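The values are calculated or read from the model by the stated rules, or taken from the named source; none is laboratory data. All values reported here derive from a predicted model rather than from experimental measurement. Positions of Cβ are backbone-derived with ideal geometry, glycine not excepted, and every protein chain shown enters the neighbour counts.
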């Protein structure tokens, strides 16, 4: 009997992301062009560039939310095209869409998430406390600001503890408390054994990243010194 993807051991490798010659076309319009991206396990890498540079598309390819038109590679040791379920079991793509149910409370959203993942709910209070949302755990998400919703989404990431975290413009529209929660997530990532790739057109989080890569016109054009 084949085991669930989450129980399949990852191949031994020190490389978290290894994309080679990745190109993505939407019709005839290229969004990503022959991109090579190599990220070591435990690294925090920032992808900077203007809107439309291809950053979000590249993250979605790494998360297997999109397939490359050409090229391929591995994520966490698994083949990008043939072992998508194994990658999805270990990687989390976090975007502006927090994927929360508005009519549920913050705690109910996380309890539902735990049931879907097959994990116990014991860590819910600690996760909400870490992002400063424990006091409103019993309130419905419908009344939350975007920053509060993003903090609940970060708490969900903490519960799941993915090996690879892909953050797409995580600072856009956030209040100071939510920005701090994102910074704290980045700050603790290496000690928690987590690899992070963060796409942003805002200034890079100084001191929280190992490397910064620049994208423009769908290409990775240079690496910052």
For residue 126: the one exception among (1) surrounded by fewer than 18 Cβ atoms within 10 Å (Cβ to Cβ); (2) touching a helix residue (DSSP H, G or I) at 6+ places or on another chain (Cβ under 6 Å): (2)
Residue match in the stretch 154-176 (condition: farther than 22 Å from residue 54 by Cα, free of Cβ contacts under 8 Å to residues at least 24 places away in the same chain and not assigned by TED's automatic domain parsing to the domain that holds residue 127): yes
Residue match in the stretch 136-154 (condition: surrounded by 18 or more Cβ atoms within 10 Å (Cβ to Cβ) and not in a helix (DSSP H, G or I)): yes
Candidate set from the stretch 63-86 (those that are in contact with a helix residue (DSSP H, G or I) (Cβ under 8 Å, 6 or more places away or on another chain) and assigned to a helix (DSSP H, G or I)); member that is nearest to residue 195 (Cα to Cα): 86
Sole exception among (1) surrounded by fewer than 22 Cβ atoms within 10 Å (Cβ to Cβ); (2) at pLDDT below 90; (3) in a helix (DSSP H, G or I) for residue 178, by number: (1)
